[in-house]
Amino acid sequence: MLVALPALNDNYIWLYQRENLPLIIVDLAETDKLFAWLVANPTPIEALLLTHEHDDHTQGVASFKQHYPNVPIYGSQECASKGATHIVNEGEIITPNYAIQVIPTGGHTAQHISFLADNHLFCGDALFSAGCGRVFTGNYQQMFEGVGRLKQLPDDTIVCPGHEYTLSNLAFAETVIEEKSAVKNHRIFVEHLRQEGKPSLPTTLELEKRINPFLQAKSEQEFIALRQAKDRF
C-alpha cells in the first residue's frame, strides 16, 4: 500500500505498508491529516523517516512523538533538533520488518537524505517529478551528485517526492528538453489528474528520465545552468 496524503499547501506525507506489516511514514508536515487517516485505517507504525530539516517536512514530529513515543524516528544529523531519535546519513536501516537504504542527496539542505524501501524511493525535496529541489546551500556539486545517485536506481523504481510541483515543473521542462513529446503527453495526463483532485505522484524513474531535464544533465555545469534557469522561470 502506498498513500500520498496531502498536507499544508502542496506537501505530501507518504505512507508505505507492505501487506500485513506495520506502516512507514515519510516526512510529517502536520499531524491532523495523519491522525485522521490512522483513525480510519488503524494500523501499527514501524517508523517515521525524515528526509530533511525544513519545517514543512518536520513540524508535525513533536505532536507525533506525544502520541507515539515508542516509534523510532530516522533522519540525518540536521533533523536531530526536529525530533529524530535515530541519526542516519547513509547506509541501511534495518527495522523488524523492512530494510531501508539511505541515500545522501544533499544540496537542498546540507544533510538531505532519501530513503529506498523495497523499490519505493522517498526523495523529499531532492527530486521532483520533472524537476529537482532548489539548491539552498549553494552546493550545486552536492546536489548534482545526489541526483546522480538516484538516477542509478532501476528504471522501475517508484518515485515519491515531497511536493505537488509537477505541472509547474513540466512547464519549465517543455522549454528546455529537446524531445518534447513525452513532456507534453505527461502534462495532459497530469492536468486531468489534478482536475479530478488526484495526486500526480508517484512517478517512476523510467518516466522521469524522459521528462526531467535535471536527470538528463550530462555535466555539473549543465545542471547548474538548468537549476538557475528554473529559479528564474
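Solvent-accessible area assigned to carbon and sulfur over the chain amounts to 49 percent, based on a 1.4 Å probe.
Along the axis of the charge dipole computed for the chain (Cβ charges of +1 for Lys and Arg, -1 for Asp and Glu, origin at the Cα centre), the listed residues 159, 80, 49 are led at the positive end by 159.
Remark: the chain carries a charge dipole of roughly 280 debye about the Cα centre, counting +1 on each Lys and Arg Cβ and -1 on each Asp and Glu Cβ.
Pairs over the 22 Å Cα-Cα cut-off, from the set 82/209; 33/151; 82/151; 33/65: 82/209; 33/151; 82/151.
The heavy atoms of residue 82 present about 70 square angstrom of accessible area, all protein chains included, probe 1.4 Å. Shown in residue order for region 12-22 are the 3J(HN,Hα) couplings computed by the Karplus curve 6.51 cos²θ - 1.76 cosθ + 1.60 at θ = phi - 60°: 10, 8, 8, 10, 10, 8, 6, 3, 6, 10, x Hz (x for Gly and Pro). Under the criterion of Cα pairs below 8 Å and six or more residues apart, the relative contact order for the chain equals 14 percent. The helix-only estimate of mean residue ellipticity at 222 nm for the chain, built from DSSP H runs of length n ≥ 4 each weighted as -39500 (n - 2.57), is -10000 deg cm²/dmol after division by the residue total. Treating the angle as unsigned and between 0 and 90°, give the value, to the nearest 10°, between the Cα long axis of helix 166-176 and the longest Cα principal axis of the chain. Rounded to the nearest ten degrees, it is 30. Once the 1.4 Å probe is applied to the protein heavy atoms, the chain comes out at 44 Å² accessible per residue.
The values are calculated or read from the model by the stated rules, or taken from the named source; none is laboratory data. Predicted model only: the values in this text are computed from it and were never measured. Positions of Cβ are backbone-derived with ideal geometry, glycine not excepted, and every protein chain shown enters the neighbour counts. All accessible areas refer to the heavy atoms of the entire protein, side chains included, with ligands and DNA or RNA removed. Shrake-Rupley method; radii C 1.70, N 1.55, O 1.52, S 1.80 Å.
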